[in-house]
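Notes for the one structure printed next.
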Amino acid sequence: GVQTCALPIYDTMYIVHPSHQPRKLTRGGSHTSWTLATFDFVGNPFGVNKAASQAVTGITAAFPPVITYAGADTFANGDVVNITRVLGMTQINGKNLTVANVNTTANTFEALDLDATTYSAYTSGGLLEEYTSFSWPSCVALHEGRLVYGASDAFPTRIWFSKAGELDNFTTGTLAGDAIIFNIRANQANRIRSIIGAEDYLVILTSGRAYRDWE
């Protein structure tokens with residue numbers, strides 16, 4: 001059946017449901033001041049379907065990088081796009097970018113909170129594909145400074161770890177603290193039902209068995 005999961009962290013509670021974008025329930029300055037709202041994921045990893053691609057014509061090696069594109073001004077702040085086929089600045093290929101500070105006159109936008117200052121210089125090429133639909137996680141936990149999501153309808157055996165110390169940043173890479181995304185490999189494809197972050201390990205409960213990992 002459909003499940004809802006909530007994780008309290010100090011004055012903020014993360015709430016997930018497979019049919020809805022995750023929310024944060026945040027307590028303000030008093031016990032009667034509360035806010036429930038969606039929020040931006042850096043490198044949002046939950047996209048499923050994509051629109052037609054648009055060409056990239058430039059990327060700055062900055063924090064955040066400014067991306068110049070050719071074609072129609074279809075991007076809006078908060079959109080999530082996947083970038084591929086970039087030459088020169090190949091470190092950016094395959095990443096999901098959250099669109100910010102769109103300038104429709106100049107055909108540019110910033111990639112929210114992405115640090116490209118150490119990337120190689122852009123030379124040419126690149127395609128942007130905007131996600132048009134998303135499959136949201138159904139469980140959430142905290143483990144060793146990372147937020148851990150599990151099991152969307154499209155990816156029932158998948159685990160998403162945020163960057164270490166950055167709970168809303170899911171930018172993958174090659175550094176130890178970068179986000180990690182993987183599917184549970186087993187003889188049966190049992191959906192993840194719950195995730196429990198213990199002090200020294202992570203417990204993953206599926207419809208078929210339990211896993212203990214990440215020691």
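The values are calculated or read from the model by the stated rules, or taken from the named source; none is laboratory data. Every value quoted in this text rests on a predicted model; they were computed, and no experiment measured them. Neighbour counts run over all protein chains shown; Cβ positions are idealised from the backbone, glycine included. With ligands, DNA and RNA removed, areas are computed over all heavy atoms of the protein, side chains included. Shrake-Rupley method; radii C 1.70, N 1.55, O 1.52, S 1.80 Å.
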Just the number, please: carbon plus sulfur as a percent of the accessible area of the chain, 1.4 Å probe, no ligands or DNA/RNA counted. 49
In Å², and per residue, what accessible area does the range 77-157 have when probed at 1.4 Å with the other protein chains present? 39
In Å and whole numbers, how far do the C-alpha atoms of the chain stretch along each principal axis, longest first? 49, 49, 31
Using mean Cβ contacts within 10 Å as the protection proxy, how do 25-34, 157-166, 74-83 order, highest first? 157-166, 74-83, 25-34
The lysines whose Cα lies under 18 Å from the Cα of Lys50, excluding any fewer than 8 residues away in the same chain, are Lys95
How much length, in nm to one decimal, is gained on full extension between Gln21 and Asn49, taken as 0.36 nm per residue of separation minus their Cα-Cα distance? 8.5 nm
Non-local amide H neighbours of Phe134 (under 5 Å, H modeled in plane, Pro and chain starts lacking H): which ones? Val48
